Amino acid sequence: MLSTSFPTSWKAQLRPGDVVKFRFPVDDPDNPEAKAKRRPCLVLGVRWYGKIKLVEIAYGTGAKSGANRGFEIRVKGGKAKAQAGLTCGTRFIGTREIIVSVGHSGFEPEPETGTPIIGHLDANGMRRLLSVKAMLKAHGNTAPSAIRARHLREQNRERQHANRGFPEWNRASRVSIPKSS
């Protein structure tokens, strides 16, 4: 449990795997007046720029979608959700992240605790976090393009299979079919 007597202490304790309440910026060209919604976000990393502590935060959503497959950290199941401080299954999108200082006004402390930290990933979630970070590092800024390319390859493969029907080479040969007497 975090100390409530020093509300700023959460800034020093923030670490990768923490789930925080943060007003993630909205990028909606159809609705330029859209306001940032307070949502659970995942701390992907913490780094220092001189004396300024920066936090890399991934967008969290409860939407069940196939978007961003491969670059997401899913939290589902009773124990995992409880440990992360979540009430419903949540996907943290690794390709939708921002870097902010710990003093950013988007962090919204919970009234009961005085901290925006609501939980932490379990061991499986942390393994997935490390895996996603490694993939993001490997793909760099092209990660969203890699997702789209893989999705298009899968769609194309499915379309080719549907057009072919049952492949001829997969049919049993006459030699292997026993003759009936």
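The values are calculated or read from the model by the stated rules, or taken from the named source; none is laboratory data. Remember, it's a predicted structure, so these values are computed and weren't measured experimentally. Note: ideal-geometry Cβ built from the backbone for every residue, glycine included; neighbour counts use all protein chains shown. Heavy atoms of the whole protein, side chains included, go into the accessibility calculation; ligands, DNA and RNA do not. Shrake-Rupley method; radii C 1.70, N 1.55, O 1.52, S 1.80 Å.
Only residues that are modelled with pLDDT of 70 or more and either in contact with a helix residue (DSSP H, G or I) (Cβ under 7 Å, 6 or more places away or on another chain) or surrounded by fewer than 11 Cβ atoms within 10 Å (Cβ to Cβ) (or both) were counted in region 25-36, giving 1.
Listed by first and then second residue, the pairs with beta-carbon distance under 7 Å, at least 6 apart or on different chains, first residue in region 83-95 and free of Cβ contacts under 8 Å to residues at least 24 places away in the same chain, second assigned to a loop (DSSP other than H, G, I, E, B) and open to solvent by 10 Å² or more (accessible area, probe 1.4 Å), form an empty list. Restricting attention to region 42-78, and to residues there that are open to solvent by less than 50 Å² (accessible area, probe 1.4 Å) and among the hydroxyl-bearing types (Ser, Thr, Tyr), which single residue is nearest to Val20 (Cα to Cα)? By that ranking, first place goes to Tyr59.
Ile117 - would you say it is buried (at least 16 other Cβ atoms within 10 Å of the Cβ), over 19 Å from Trp10 (Cβ atoms) and among the hydrophobic types (A, V, I, L, M, F, W, C)? No, not satisfied.
Of the residues making up region 123-173, those that are out of contact with any strand residue (DSSP E or B) (no Cβ under 8 Å at 6 or more places or on another chain), modelled with pLDDT of 75 or more and open to solvent by less than 70 Å² (accessible area, probe 1.4 Å) number 4.
Each residue in region 79-108 was checked for being small (Gly, Ala, Ser) and open to solvent by 60 Å² or more (accessible area, probe 1.4 Å), and 2 of them qualify.
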